[in-house]
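Below is one structure, written out as structure tokens, with a few remarks after it.
Rule-based calculations on the coordinates, nothing more; no lab input. Computed from a predicted model, the values in this text were never measured in an experiment. Glycine also receives a Cβ, built like all others from the backbone with ideal geometry; neighbour counts cover every protein chain displayed.
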Amino acid sequence: MSEQLLIGVDIGGTTIKIGVIKTDGRIVEKWEIKTNKDDNAKNIPLDIWTSIKLKLKKLDIDKKAILGIGVGAPGFVDVKTGEVSIAVNLGWKDFKLAAILKELSELPVIVDNDANIAAVGENWKGSGRLADNLIAITLGTGVGGGIIANGKVINGVNGTAGEIGHITVEPGGSPCNCGRNGCLETVASATGIVRQAKNAIQSGSTTTLNDRSKLKELTAKDVFELATSGDKAAQEIIDRVTDVLGLAIANMATMINPSIIVIGGGVSKAGEELLKPLRSAFESYTLPRIDEACEFVIATLGNDAGIIGGAYLVKQAQE
Ligand code: ZN
């Protein structure tokens with residue numbers, strides 16, 4: 001019998017990442033296809049399966065060797081049915097992703113939220129070291145989150161557990177993509193950081209953010225850079241972001257007592273500039289016993305976390 005293999009799929013707003021993965025987590029082959037959002041993105045399952053079929057043929061892999069497909073979707077996912085309740089970016093509503101892909105491929109299909117599979121991937125082959133209790137936070141365009149407790153990713157009754165980005169941190173604050181106001185995402189995402197920088201410029205603060213914004217479109221990276229170089233307004237933004245994020249993480253940590261908190265996404269590239277103030281905010285808001293047992297790390301898998309996590313869910317389902 002040929003070696004058994006797993007397939008991981010990570011559906012994003014612009015690209016879909018797909019990987020053929022060994023049962024020890026090593027990537028045999030990974031590639032991307034464009035996310036076709038026409039007709040409310042209804043062709044995505046067919047696009048995925050067509051691409052996988054072609055690739056298996058090219059790699060001379062028999063479909064019988066594939067144990068299943070683990071898929072991450074951007075939105076609220078009912079893990080029991082594999083239905084995507086809402087994926088705003090794609091236009092999906094009550095989309096039967098698992099059922100359609102199962103019918104096309106005749107393979108077992110597991111669907112979970114994209115942030116959850118990234119957390120699982122990072123825990124398996126990244127910086128998580130198979131922790132039984134872990135919180136993973138992705139600071140990108142939005143703020144994603146995944147929680148692993150007692151060795152299992154937490155989904156909740158309708159797939160909304162671990163939606164860390166939508167913890168309210170500022171009642172009546174800035175509008176969020178979810179339709180409410182003042183979510184963590186509006187403060188701690190790359191988009192939120194840039195918005196606060198633009199507000200500082202508009203309020204007339206004396207800041208080098210202003211000069212930078214005349215040269216180029218501001219990014220979160222600019223704000224971190226200028227804070228490091230001594231800009232007071234930029235530093236105030238970073239102080240606020242890390243304080244609010246540290247408080248939110250401290251509250252979450254009280255629920256599951258994690259050994260590791262993994263920070264990923266574009267904003268995490270700031271490294272120690274982010275982790276140092278974040279750690280001290282966390283320390284000031286959490287119980288010493290929780291702090292003692294808990295380590296902050298930057299995610300290491302980058303864009304591969306999703307496909308590796310998808311593969312792991314398939315592997316875990318076999319056990
Ligand atoms: Zn929200």
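Around the amide H of Gly173, modelled in the peptide plane, lie the amide H atoms of Gly182, all under 5 Å away and 5 or more residues distant in sequence or on another chain.
Give the lysines whose C-alpha is closer than 17 Å to that of Lys214, dropping any in the same chain fewer than 8 places away, or say none. Partners found: Lys198.
Taking each residue as 0.36 nm, the span from Ala293 to Lys63 lengthens on full extension beyond its C-alpha to C-alpha distance by 78.4 nm.
Cross-link partners of Lys63 among lysines, defined as those whose alpha carbon lies under 17 angstrom from its own and excluding same-chain residues fewer than eight positions apart: Lys22, Lys30, Lys53, Lys55, Lys102, Lys315. Taking Cα centre as origin and charging only the Cβ of basic (Lys, Arg, +1) and acidic (Asp, Glu, -1) residues, the dipole magnitude of the stretch 129-300 rounds to 340 debye. Our estimate of slack between Ser2 and Asp24, defined as 0.36 nm per intervening residue step minus the Cα-Cα distance, is 6.4 nm. Looking at the stretch 197-301, the trypsin sites (Lys or Arg not before Pro) that sit in a DSSP loop and have at most 14 other Cβ atoms within 10 Å of their own Cβ are Lys216.
For the chain, the dipole from Cβ point charges (+1 on Lys and Arg, -1 on Asp and Glu) about the Cα centre works out to 640 debye, to the nearest 20.
Straight Cα distances below 18 angstrom link Lys96 to the aspartates and glutamates Asp10, Asp38, Asp39, Asp47, Asp78, Glu83, Glu106, Asp112, Asp114, with same-chain residues fewer than 8 positions distant left out. Here the Karplus curve 6.51 cos²θ - 1.76 cosθ + 1.60, taken at θ = phi - 60°, turns the phi angles of the stretch 206-221 into couplings of 6, 7, 6, 4, 4, 4, 4, 5, 7, 7, 7, 5, 5, 10, 4, 4 Hz, with x standing for Gly and Pro.
To the nearest 0.05, what FRET efficiency results for Ser205 and Val88 with a Förster distance of 41 Å applied to their C-beta separation? FRET efficiency, Ser205 to Val88: 0.80. Looking at the stretch 215-260, the GluC sites (Glu not before Pro) that sit in a DSSP loop and have at most 14 other Cβ atoms within 10 Å of their own Cβ are Glu217.
Computed from the C-beta positions of Lys232 and Ser51, the FRET efficiency with R₀ = 45 Å rounds to 0.35. On a C-alpha basis, how far is the centre of the stretch 25-49 from the centre of the stretch 225-273 in Å? Whole number, if you could? Going from one Cα centre to the other spans 33 Å. Dividing the Cα radius of gyration of the chain by its Kirkwood radius returns 1.00 for Rg/Rh. For the pair Trp31 and Glu217 in one chain, pulling the backbone fully straight at 0.36 nm per residue adds 64.0 nm over the alpha carbon distance. Residues Cys294, Cys178 in ascending order of nearby Cβ atoms (within 10 Å, fewest first): Cys178, Cys294.
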